[in-house]
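K.L.:
Pasting a structure here, questions to come.
The values are calculated or read from the model by the stated rules, or taken from the named source; none is laboratory data. These numbers come from a predicted model, not from an experiment. No Cβ is skipped: glycine too gets one built from the backbone with ideal geometry, and neighbour counts run over all protein chains shown. These accessible areas exclude ligands, DNA and RNA; they are computed on the full protein's heavy atoms, side chains included. Shrake-Rupley method; radii C 1.70, N 1.55, O 1.52, S 1.80 Å.
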Amino acid sequence: MPGFVLLVRPRGDDDPVMRLGITVTKKIGNAVVRNRMKRRFRALARELFPEAGIAGADHVLIGRAGGIERDFSELRVELRKALGKVMRSAAPQARS
């Protein structure tokens, strides 16, 4: 199970800006742990979203238990895979 859940929703307002939301609940840990997880998510987003994100969409990363113990490279692979799935599912919608 990945260390996060990725939700992507196209806004439909013809603005190509990608927006990012991050949420990590208190169930994950104390403030130090939650902030560390958010920093890791922001670093991943800066690295991967310019090439793999969907323009004009809102991206929300929801931290899950076990995500903070995961190696950063594993999180990178998981996020790249999740963005790839979103891109593949968005492609048929763009054609219709």
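K.L.:
Among LEU6, ILE28, ALA43, which residue has its Cα positioned farthest towards the positive end of the charge dipole of the chain, with +1 placed on the Cβ of Lys and Arg, -1 on the Cβ of Asp and Glu, and the dipole taken about the Cα centre?
P.N.:
ILE28
K.L.:
For region 4-96, give the share of DSSP beta bridges that are antiparallel, in percent and rounded to the nearest 5; count only bridges with both residues there.
P.N.:
Taking every DSSP beta bridge with both residues in region 4-96, the antiparallel ones total about 60 percent.
K.L.:
If you don't mind, there's one more thing I want to ask. Can you pull out the trypsin sites (Lys or Arg not before Pro) in region 32-96 that DSSP calls coil and that have at most 15 other Cβ atoms within 10 Å?
P.N.:
none
K.L.:
Using a Förster distance of 30 Å, how high is the FRET efficiency between ARG39 and ASP14, based on the Cβ-Cβ distance and rounded to 0.05?
P.N.:
Once the sixth-power term is evaluated, E becomes 0.40.
K.L.:
Let me have the 222 nm mean residue ellipticity of the chain computed from DSSP H runs of 4+ only, each contributing -39500 (n - 2.57), with the sum over all residues rounded to the nearest 500.
P.N.:
Value at 222 nm, helices only, nearest 500: -17000 deg cm²/dmol.
K.L.:
So, in the chain, how many Lys pairs have Cα atoms under 24 Å apart, if the pair is 8 or more places apart or on different chains?
P.N.:
Going through the chain pair by pair, I get 4.
K.L.:
How much length is gained if the chain between LYS26 and VAL77 is pulled fully straight, taking 0.36 nm per residue apart and subtracting their Cα-Cα distance, in nm to one decimal?
P.N.:
15.8 nm
K.L.:
If you don't mind, another one. Identify which of the listed values of Cα Rg over 2.2 N^0.38 Å was calculated from the structure shown: (1) 1.15; (2) 0.99; (3) 1.10.
P.N.:
Matching entry in (1) 1.15; (2) 0.99; (3) 1.10: (3).
K.L.:
Related question: Apply the Karplus curve 6.51 cos²θ - 1.76 cosθ + 1.60, θ = phi - 60°, to the phi angles in region 10-23 and return the couplings in whole Hz, x for Gly and Pro.
P.N.:
Running phi through 6.51 cos²θ - 1.76 cosθ + 1.60 with θ = phi - 60° gives x, 7, x, 10, 6, 9, x, 5, 8, 10, 10, x, 10, 9 Hz.
K.L.:
For the chain, what is the accessible area per residue in Å², given a 1.4 Å probe and the full set of protein chains?
P.N.:
64
K.L.:
Moving to a separate point now. With a 1.4 Å probe and every protein chain kept in, tell me what percent of the accessible surface of the chain is carbon plus sulfur.
P.N.:
54
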